[in-house]
Every structure is written in structure tokens, then in C-alpha cells.
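Structure first, commentary second.
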Amino acid sequence: MTLQQLQYVVALDNHRHYVKAAESCHVAQPTLTLQVKKLEEQVGLLLFDRSKQPLTPTPMGKKFILKARQILRDVEQLKTMVSDDRNEISGTFRLGIIPTLSQYLLPLFLKEFTALYPDTRLEIKEMQSEEMINTLTNGTLDLGLMATPSGDEQIREIPIFYEPFMVYAHKDHEIMQCGQVTPDDLKREGLWLLNEGHCFRNQVLEICELRSYHQNISFESGSIETLKRLIPHTNGYTLIPELSYLQVLDHEFVREFQEPKPAREISLVVHKSFTKELLLANLRKTIQHNIPEHFQKANRFITVKWR
């Protein structure tokens, strides 16, 4: 059994296709196929069910592949220690970010970060929180930006800031009569939410204490911006993150919460084996340099969990 064979098996699991897996490993397809078959013979185990399309790992194959990923990750960590690259900030890194954060946060810091660290390339992908945790765990993602705490023991969380929630409502909605809003002012009638799967949705329901009232929600959307555009022309209300408030054209639709305000904790998240400390420190510093100063005053907020 060789590390190269393990890399071929992991690539085949990632792509579920021999040709694509071989291309990702920069080898000919027959070479990858032969090495995977040899490995199966050596361990006496069928790793993939070839009768299915796309290719699917067998039950024991899944366990083997999970261990193979761990071994390859440990080997990479050893290489990192030897080269002392925890003190370097160069290379290509896969960065995940939740959709309710990406369009508001990325434009604030990316230009400065890329100017300061031109040898660092970020491959950015929007993904929901559960997917981000899974991809960090299986090694197909390097780091992420998401709401925490996640409660996952394999994930390391580095808090960056606390983003307050705000109420966004039709100008004639009764909640707009409040100078500042409290959670007690939030009712289930007329509440508009993001679709299931968004951690932001779970946090809104947590604030409103409506986890048992999903069936009473009158409208759901995949985008905060869609909700913001529709509410002024219809009725109802929703909650928005404060960074999206910067893009509100008419502030008469917005109300703040009384302090301590409900807020989401935004963190850099990595697998616990991740060692690029300088990258994490400088990315965190750059983000903090480009967000409102009051986002860093944790004592003003109550962190709302999503999981």
C-alpha cells in the first residue's frame, strides 16, 4: 500500500469517475485504474461498486476512504512542519463562505487582502454551513467563514466579529411603531424566512422562539435581498444581518434591537489539523480592519445559535 494509491482512491471518491480522477492526479486513466485495483487486491476489499453510475464506494470502502483521507492529511501536516510553512502566507487555498454573508462581506476586504498578499490565491465557493463542515472534515475545503458555534469537535473556530440582527418590515407594519425592538415584539404572523438549510433561518426562528411553527410561515425565499425587495411592496417583516443594512435604500423600513442585541458570531473555521497560522491571523486582521468597529464589542451582543 502506497500513499500514491491512497491519493488515487481519494480522487476517485471525489470525482466518482475514472477519467476525471486521473486528470486531477495528472496520470493516465489506465494507471489510476490499475493502482486502485492492486490496492483492493492487497487489502482484500472491494472499495467501489462499479455496477453503479456514478461510481459508488461500498460500505467498507467508505470507512477505508475516510481513513485514507486522514492519513493523507497527516502526511501533509508533517510536510508542513518540516518546511515550517506555518510562517508562510502563500499558495492556493479553498475558502467556503455562507450565502447570507458572502455578498456583504467579501467586497469589504478582498481587495485589501489580495493587495497585501499577492502570493496568496483564494478559491472561494458559497456553501451552506452543514456542507462547509463536511468539506472541512473530508479535506476538500481548507477554511471557511460561517456563523458559529458549530458544536463540531473536529472543527476549530476563530471568532472574528459579531453581526447584529435588524428588523426589516413594511413601513405600515405594527412593529415599525417600536423605537427599538425586543424579541417579544416578534410574532409569527407575517414573518418571512429564508428556505430551510440556511443557518440564518434557524437563528431567526431561535430569536422569535418559533421553532415549532414552521408550518405557519407565509413566505420563504433563498435570498435576503429577495425578501428586502418584496416586503416594501406587500406586507410582513423579516430579520436581516446588519451588513446588508448598508445596501438598504430606504432606512424607514429598518428597526434596531435593544441592547444587548441578538447577533451572529462570524468565525474563520478550519479542521483542527490546519496549520497555516499566519494565513489565519492575517485574514482575520484584514477582515476586522474593514468592518464596523462596533462589531468587535462582544459584550453588546447575545450570540444566537443555529445548530
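The values are calculated or read from the model by the stated rules, or taken from the named source; none is laboratory data. Owing to the predicted nature of the structure, the values given are computational and were not obtained by experimental measurement. Here the Cβ positions follow ideal geometry from the backbone for every residue, glycine too, while neighbour counts run over all protein chains shown.
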Which of the following residues is assigned to a loop (DSSP other than H, G, I, E, B) and either under 29 Å from residue 302 (Cβ atoms) or touching a helix residue (DSSP H, G or I) at 6+ places or on another chain (Cβ under 9 Å) (or both): 140, 100?
140
Show the residue pairs meeting these rules: Cβ distance below 8 Å; 6+ apart or different chains; first residue within segment 15-32 and touching a residue at least 40 places away in the same chain (Cβ under 8 Å); second residue outside any helix (DSSP H, G or I) and β-branched (Val, Ile, Thr).
16/56
Evaluate the following for residue 76: is it outside the structural domain of residue 151 (by TED's automatic domain parsing) and closer than 23 Å to residue 282 by Cα?
yes
Could you go through segment 2-10 and let me know if any residue there is assigned to a loop (DSSP other than H, G, I, E, B), in contact with a strand residue (DSSP E or B) (Cβ under 9 Å, 6 or more places away or on another chain) and closer than 17 Å to residue 70 by Cβ.
no
Can you go through 97, 65, 71 and tell me which one is of a type in the set (Val, Ile, Thr), modelled with pLDDT of 90 or more and within 30 Å of residue 239 (Cβ to Cβ)?
97
Is there a residue being touching a Cys at 6+ places or on another chain (Cβ under 8 Å), surrounded by 12 or more Cβ atoms within 10 Å (Cβ to Cβ) and closer than 21 Å to residue 139 by Cα anywhere in segment 35-56?
no
Sole exception among (1) buried (at least 20 other Cβ atoms within 10 Å of the Cβ); (2) within 13 Å of residue 161 (Cβ to Cβ) for residue 285, by number:
(1)
Based on this model, can you work out whether residue 89 counts as of a type outside the set (S, T, N, Q), buried (at least 17 other Cβ atoms within 10 Å of the Cβ) and part of a loop (DSSP other than H, G, I, E, B)?
yes
If a residue has to be within 11 Å of the chain's Cα centre (by Cα) and surrounded by fewer than 17 Cβ atoms within 10 Å (Cβ to Cβ) to count, how many in segment 132-150 make the cut?
1
Only residues that are of a type in the set (S, T, N, Q) and in contact (Cβ under 8 Å) with a residue 12 or more places away in the chain: list them for segment 34-73, please.
35, 42, 56, 58
Identity of the residue in segment 74-94, of a type in the set (D, E, K, R) and out of contact with any Leu (no Cβ under 8 Å at 6 or more places or on another chain), that ends up modelled with the highest pLDDT:
74
Based on what the data block shows, is residue 64 part of a strand (DSSP E or B), at negative phi and out of contact with any His (no Cβ under 6 Å at 6 or more places or on another chain)?
no
Identify, by number, the condition in (1) within 30 Å of residue 277 (Cα to Cα); (2) free of Cβ contacts under 8 Å to residues at least 40 places away in the same chain that residue 77 doesn't meet.
(2)
Could you say whether any residue in segment 127-139 is of a type in the set (Asp, Glu), outside the structural domain of residue 183 (by TED's automatic domain parsing) and touching a strand residue (DSSP E or B) at 6+ places or on another chain (Cβ under 6 Å)?
no
Those strands (runs of 3 or more DSSP E) completely within segment 168-263 that have 2 or more residues that are within 29 Å of residue 106 (Cβ to Cβ) and modelled with pLDDT of 90 or more are 237-241, 254-256
Hey, residue 243 hits all of (1) within 18 Å of the chain's Cα centre (by Cα); (2) more than 30 Å from residue 153 (Cβ to Cβ) but one; which does it fall short on?
(2)
Could you say whether any residue in segment 166-184 is at negative phi, of a type in the set (Gly, Ala, Ser), in the same structural domain as residue 107 (by TED's automatic domain parsing) and out of contact with any Phe, Trp or Tyr (no Cβ under 9 Å at 6 or more places or on another chain)?
no
